[in-house]
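K.L.:
Have a look at this one.
The values are calculated or read from the model by the stated rules, or taken from the named source; none is laboratory data. Predicted model, so just to flag it, every value in this text is computed and none were measured. As a convention, Cβ positions derive from the backbone with ideal geometry for all residues, glycine included, and neighbour counts pool all protein chains shown. Just the protein is used for accessible areas: all its heavy atoms, side chains included, with ligands, DNA and RNA removed. Shrake-Rupley method; radii C 1.70, N 1.55, O 1.52, S 1.80 Å.
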Amino acid sequence: MSMQVIEGASFGDANVLKLKELPSPMPREDSLLIDVRAAGVNYLDLVTRAGFLHGATAPFRLGFEVAGVVKDVGSGVTNWKPGDAVGAIIGGGGYASQVVVPANIAIPLPKGMDASLAAALLVQGLAAFVTLDFGKVRPGANVLVSAAAGGVGAMAVQIAKLQGANVIGLASRAKHEFVRKNGADHVFDYRSPGWSSSVREVVGPRGIDIFLDSIGDLQTEAAGLLGAGGHWLVYGARAETQNPLPAEALWPMIEKNITLRGFNLLGCAEHFPRALSQVFDWTMSGKLRVETRKYPLAQASVAHAQFEARETVGKVLLIP
């Protein structure tokens, strides 16, 4: 028996990702062997591939979320059996037709949930829900979502609307219709000069209550839009240059009790059960729509190149 896996022999652009064929792994005593049906592509994969992730070494294998079916179980596993639908958030190696994961981190999937849907929800659905939760989303809150057509952004727009918020999305003009379809009340092009003035017109003196920031530019125009008690949550760093927080921005933040917070999903595991339960429920009931862009596993390099160029909308998936 053999499996396929994507591996990078060295750091670099998308072309370093190559398909390899290896013997199928065996589950350890406390682990599951999963036949992967879908693996999610995330920004962290791009950062790792480029060599920017602290501590990363080459060769490397990417993929931090998978969904599929249990193929085999270790001798010490009693609560899983072959054929069970399963998902997992892992430390890498998910771009593969099979993975071995510890049984204690495996996530049971709702009956009837498609594996592609599940893979799209694990990292980005969780990130959208938990960041909004940290920002204290509530009815009437003004929520500004950067990259509102992306995987996290598209779900954040919908989840914020499901909780009664007023949502403003930022996206390139070509993606405005998609963002509106997800429920955004207003959409603006972040590349248009002075876009923040347009946002200010719609939110008024109250300002923005929650800013979900996947770009990480601390000199963003959005900083001046935050209102009293606002929450600025940075969950990504896609800015071409990493600009520091200007000194003149500090006193307004102090005066308005603004919170600037970094967000790392893996540091929030205690929130997973409640968040996944709610996100799965919304999805299965049709309240949360998940847009996906699928590529064959062998085209991982193409998926990376298009994702990196911001040519995709929704969640990017690799299908073994």
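K.L.:
Restricting attention to the alpha-carbon atoms of region 209-287, what are Rg (one decimal) and Dmax (integer), both in Å?
P.N.:
15.6, 47
K.L.:
Here is a follow-up. Using R₀ = 25 Å, calculate the FRET efficiency as 1/(1 + (r/R₀)^6) where r is the Cβ-Cβ separation of residue 81 and residue 1; round to 0.05.
P.N.:
My answer for the efficiency is 0.85.
K.L.:
Follow-up question, since we're still on this one. In Å and from the alpha-carbon atoms only, list the Rg and Dmax of region 1-144.
P.N.:
Here Rg and the maximum Cα pair distance are 16.8, 56 Å.
K.L.:
Of the cross-linked pairs 18/71; 20/287; 136/256; 175/256; 175/287; 20/71, which ones have a Cα-Cα span greater than 28 Å in the structure shown?
P.N.:
In this structure, 20/287; 175/256 exceed 28 Å between Cα atoms.
K.L.:
Among all stretches of the chain without exposed GluC sites (Glu not before Pro) (DSSP loop, at most 14 other Cβ atoms within 10 Å), which one is longest?
P.N.:
The answer is 30-239.
K.L.:
R0 = 30 Å: FRET efficiency of residue 20 with residue 309, Cβ-based, nearest 0.05?
P.N.:
With a Förster radius of 30 Å, E is 0.75.
K.L.:
With n ≥ 4 as the cut-off for DSSP H runs, can you work out [θ] at 222 nm for the chain, using -39500 (n - 2.57) per run divided by the number of residues, rounded to the nearest 500?
P.N.:
Value at 222 nm, helices only: -7500 deg cm²/dmol.
K.L.:
Please get the size of the charge dipole for region 1-71, origin at its Cα centre, with Cβ charges of +1 on Lys and Arg and -1 on Asp and Glu, quoted in debye to the nearest 20.
P.N.:
100
K.L.:
Here is a further query. Give me the angle, in degrees from 0 to 90, between the Cα long axis of helix 151-162 and the longest principal axis of the Cα atoms of the chain, rounded to the nearest 10.
P.N.:
The angle comes out at about 60 degrees.
K.L.:
Hey, if you put +1 on the Cβ of every Lys and Arg and -1 on every Asp and Glu Cβ in the chain, which of 198, 8, 282 ends up farthest toward the positive end of that dipole?
P.N.:
282
K.L.:
Which of the chymotrypsin sites (Phe, Trp or Tyr not before Pro) found in region 1-106 are loop residues per DSSP with 16 or fewer other Cβ atoms within 10 Å of their Cβ?
P.N.:
Filter output for region 1-106: 52.
K.L.:
Now for a separate question. List the residues whose amide H sits under 5 Å from the amide H of residue 218, counting only those 5 or more places along or on another chain, with H placed 1.01 Å from N in the peptide plane.
P.N.:
Correct list: 243.
K.L.:
Please express the shape of region 190-241 as an equivalent ellipsoid: the semi-axes are the square roots of 5 times the eigenvalues of the C-alpha gyration tensor, given largest first in whole angstrom.
P.N.:
Semi-axes from the Cα gyration tensor: 19, 14, 7 Å.
K.L.:
Determine the share of region 214-260's accessible area contributed by carbon and sulfur atoms, expressed in whole percent, with a 1.4 angstrom probe.
P.N.:
Answer for region 214-260: carbon and sulfur cover 56 percent of the accessible area.
K.L.:
Can you sort 238, 37, 310, 49 by 1.4 Å-probe accessible area, starting with the largest?
P.N.:
Ranked list, largest accessible area first: 37, 310, 238, 49.
K.L.:
When Cα extents along the principal axes in Å is calculated directly from the model, which label among (i) 100, 52, 36; (ii) 71, 52, 34; (iii) 63, 40, 34 fits?
P.N.:
Given (i) 100, 52, 36; (ii) 71, 52, 34; (iii) 63, 40, 34, the calculated one carries the label (iii).
K.L.:
Give the aspartates and glutamates reachable from residue 81 as a straight Cα distance under 12 Å; neighbours fewer than 8 places away on the same chain don't count.
P.N.:
Partners within reach: 72.
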